[in-house]
Amino acid sequence: MENETKTIIVEKETQSMPRLGEAAPYFEANTTHGMKKLSDYKDKWLILFSHPADFTPVCTTEFIAFQEIKPELDKRGVDLLGLSIDSIYSHIAWERTIEEKFGKKIEFPIIDDLSMKVANAYGMIQPGEASTAASRCVFVIDDKQKIRAMIYYPLSAGRNMDEILRLIDSLQTTDKHSVATPANWRPGEKVIIPPAGTAKLAEERMKDKSLDCVDWFFCKKSI
Ligand code: BEZ
């Protein structure tokens with residue numbers, strides 16, 4: 001038990017956790033599509049995601065689901081990059097099996113992170129879940145290479161692709177219009193105007209017929 005605690009502490013020390021709004025940790029890694037580095041994705045959005053292991057059932061469903069939303073991500077200018085602590089040969093064999101048994105060709109690259117360099121830089125190893133496998137993490141990295149969102153899921157729960165697309169839509173919409181999005185927002189629905197910071201602005205908001213204000217601090221609008 002003591003040894004187990006020590007191992008967890010050591011692993012925690014070697015890992016860093018990325019933070020929202022900060023530069024995405026740099027990486028250069030071998031992938032199923034050759035060497036890839038963070039700067040290859042400059043001026044594009046990137047979803048960097050990890051999975052615990054190749055040839056496991058939940059991960060297989062997730063890979064098929066990520067491939068299925070790829071056309072929607074392409075429309076939004078978002079690339080996909082997978083990662084696990086498995087070899088390139090394992091990734092290739094698994095991709096081939098997915099195509100043969102499930103009829104789905106995986107078209108995005110997958111990082112071979114046997115060294116755990118990228119996983120440690122992004123805090124993907126959550127020792128309480130597993131110390132030799134990455135958890136189900138999703139990092140949304142914007143076109144300025146900043147970390148804009150992070151999702152951490154346990155090994156037992158496959159991720160929801162609708163939510164990942166919704167999150168991208170929210171980030172891109174709020175960037176474009178300087179607004180925020182409410183709970184369960186979907187594209188086409190009204191967005192939230194950031195709260196008025198002065199009494200004068202609060203007064204003006206309540207008089208503005210183009211806004212849908214419940215109170216001075218709670219206004220929505222169509223975009
Ligand atoms: C899976 O993908 O099925 C899986 C992977 C690691 C632990 C549990 C389930």
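The values are calculated or read from the model by the stated rules, or taken from the named source; none is laboratory data. Please read all numbers here as calculations on a predicted model, not as lab measurements. Cβ coordinates were reconstructed from backbone atoms using ideal geometry, including for glycine residues, and neighbour counts include every protein chain displayed. Surface accessibility is based on the protein's heavy atoms, side chains included, excluding ligands, DNA and RNA. Shrake-Rupley method; radii C 1.70, N 1.55, O 1.52, S 1.80 Å.
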Any hit, region 150-172, residues being hydroxyl-bearing (S, T, Y), under 11 Å from the mean Cα position of the chain (by Cα) and surrounded by fewer than 16 Cβ atoms within 10 Å (Cβ to Cβ): yes
Verdict on K44 being loosely packed, with under 12 Cβ neighbours inside 10 Å and modelled with pLDDT of 95 or more: no
Matching residues, region 173-208, being in a loop (DSSP other than H, G, I, E, B), surrounded by 12 or more Cβ atoms within 10 Å (Cβ to Cβ) and β-branched (V, I, T): V179, T181, I193
Residues (more than 25 Å from D74 (Cβ to Cβ), of a type in the set (K, R) and modelled with pLDDT of 95 or more) located in region 1-41: R19
Test: residue in region 26-34 that is over 16 Å from D113 (Cβ atoms) and either in a helix (DSSP H, G or I) or open to solvent by 20 Å² or more (accessible area, probe 1.4 Å) (or both): no
Whichever residue in region 46-84 is closer than 16 Å to P154 by Cα and assigned to a strand (DSSP E or B) and, among such residues, is nearest to the ligand (Cβ to nearest atom): S84
Condition check for K220: away from the ligand (no atom under 16 Å from the Cβ), exposed (fewer than 13 other Cβ atoms within 10 Å of the Cβ), more than 25 Å from P57 (Cβ to Cβ) and more than 24 Å from the chain's Cα centre (by Cα): no
When residues of region 128-140 are limited to those that are hydrophobic (A, V, I, L, M, F, W, C) and touching a helix residue (DSSP H, G or I) at 6+ places or on another chain (Cβ under 8 Å), the one surrounded by the fewest Cβ atoms within 10 Å (Cβ to Cβ): V138
Only one of D143, D112 that is crowded, with 17+ Cβ neighbours inside 10 Å, more than 16 Å from the ligand (Cβ to nearest atom) and in contact (Cβ under 8 Å) with a residue 40 or more places away in the chain: D112
Scan of region 33-63 for residues that are in contact with a helix residue (DSSP H, G or I) (Cβ under 9 Å, 6 or more places away or on another chain) and more than 24 Å from S131 (Cα to Cα), ordered by number: W45, L46
Any hit, region 82-92, residues being free of Cβ contacts under 8 Å to residues at least 24 places away in the same chain, aliphatic (A, V, I, L, M) and under 18 Å from V118 (Cβ atoms): no
